[in-house]
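The values are calculated or read from the model by the stated rules, or taken from the named source; none is laboratory data. Computed from a prediction, not measured in an experiment: that's the story for all the values here. Note that we place each Cβ from the backbone using ideal geometry, even for glycine, and neighbour counts take in every protein chain shown.
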Amino acid sequence: MVLTLNFLPYSIVIFIMNTKEIVVGGGCFWCLEAVFNRLNGVSFVKSGYTAGHVKNPSYKEVCSGMTGHNEVIKIEYDPSIITLDILLDLFFAFHDPTTLNRQGNDVGTQYRSGVYYTTEEDKSRIIDAVERAKSNWQNPIVTEIEPLTVFYPAEDYHHDYYTKNPTQGYCNFVINPKVKKLQTQYGTLLKQE
């Protein structure tokens, strides 16, 4: 949407993006952030925590498994460029939604599969995405689907972790294959650099 304000002798043009948000968790938030940050139509991705019982938890507290929080990312996107359905299909393609409290070597409730919605329409779309994803997995999908109650941003050093630390071991062995998969299988969805 474009808003033009006229103040003689000047006019100010303001571009207002029609953005939406969805919060997802599927293992370490560094992995998901690296994938979703590269998508055309995604304006912002922030790592954080949700679905726990401690206010403003730290990374150390969440990693203890005692706060009940899930490592998640908040995705801000423009639905006129990329739809929630596409984002959800990618979410189910880039983590294993059939393993309870685990993604690869990352084990604990903080690594559970989850989608956290803010509208009933989004909840319905999430349920449809789970149905679509079932054909890609042999085991039942255990992704929790819950209303988003609160999102706590992670500490600053977690944001853009992969971009800032491309040679770090975890990035090389765990995140790089996901980014390469995104580039080779979903290249048409990537931002133009």
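Output the number of residues of segment 70-96 satisfying the condition of being part of a loop (DSSP other than H, G, I, E, B) and farther than 15 Å from N40 by Cα.
Here is the first cut: in segment 70-96, the ones part of a loop (DSSP other than H, G, I, E, B) are 78-83, 94-96.
Checking the rest, the ones that are also farther than 15 Å from N40 by Cα come to 94-96.
Summing the residues that are part of a loop (DSSP other than H, G, I, E, B) and farther than 15 Å from N40 by Cα in segment 70-96 gives 3.
Among the residues of segment 56-88 satisfying the criterion of being of a type in the set (D, E, K, R) and crowded, with 17+ Cβ neighbours inside 10 Å, which is nearest to A129 (Cα to Cα)? Steps first, answer last, please.
Applying the first criterion (of a type in the set (D, E, K, R)) to segment 56-88 yields 60-61, 71, 74, 76, 78, 85.
Right, trim to crowded, with 17+ Cβ neighbours inside 10 Å and you get 71, 74.
Values: E71: 21, K74: 18 Å.
Across segment 56-88, the extreme among qualifying residues is K74.
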Subject >> Members of segment 89-114 that are in contact with a strand residue (DSSP E or B) (Cβ under 9 Å, 6 or more places away or on another chain) and within 19 Å of S135 (Cα to Cα) >> reply: L90, F91, F92, F94, H95, D96, P97, T98, T99, L100, S113, G114
Original post:
Can you name the condition, by its number, that Q110 falls short on among (1) touching an Asp or Glu at 6+ places or on another chain (Cβ under 7 Å); (2) within 29 Å of G187 (Cα to Cα)?
Top reply: (2)
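Among S47, S43, which is modelled with pLDDT of 95 or more, assigned to a strand (DSSP E or B), touching an Asp or Glu at 6+ places or on another chain (Cβ under 9 Å) and surrounded by fewer than 20 Cβ atoms within 10 Å (Cβ to Cβ)?
Working: S47 fails: surrounded by fewer than 20 Cβ atoms within 10 Å (Cβ to Cβ).
Answer to the selection: S43.
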Subject >> Selection from segment 99-147 of residues that are in contact with a Cys (Cβ under 8 Å, 6 or more places away or on another chain) and either assigned to a loop (DSSP other than H, G, I, E, B) or surrounded by fewer than 20 Cβ atoms within 10 Å (Cβ to Cβ) (or both) >> reply: D106, G108
**OP:** May I ask you to list pairs of residues, at least six apart or on different chains, whose Cβ atoms are under 8 Å apart, with the first in segment 11-24 being more than 20 Å from Y116 (Cα to Cα) and modelled with pLDDT under 65 and the second being surrounded by 11 or more Cβ atoms within 10 Å (Cβ to Cβ) and of a type in the set (S, T, N, Q)?
**Re:** M17/S43
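So, V72, is that one under 15 Å from L32 (Cα atoms), among the β-branched types (V, I, T) and touching a Gly at 6+ places or on another chain (Cβ under 6 Å) or not?
Details: under 15 Å from L32 (Cα atoms): yes; among the β-branched types (V, I, T): yes; touching a Gly at 6+ places or on another chain (Cβ under 6 Å): yes.
For V72, the condition - under 15 Å from L32 (Cα atoms), among the β-branched types (V, I, T) and touching a Gly at 6+ places or on another chain (Cβ under 6 Å) - is met.
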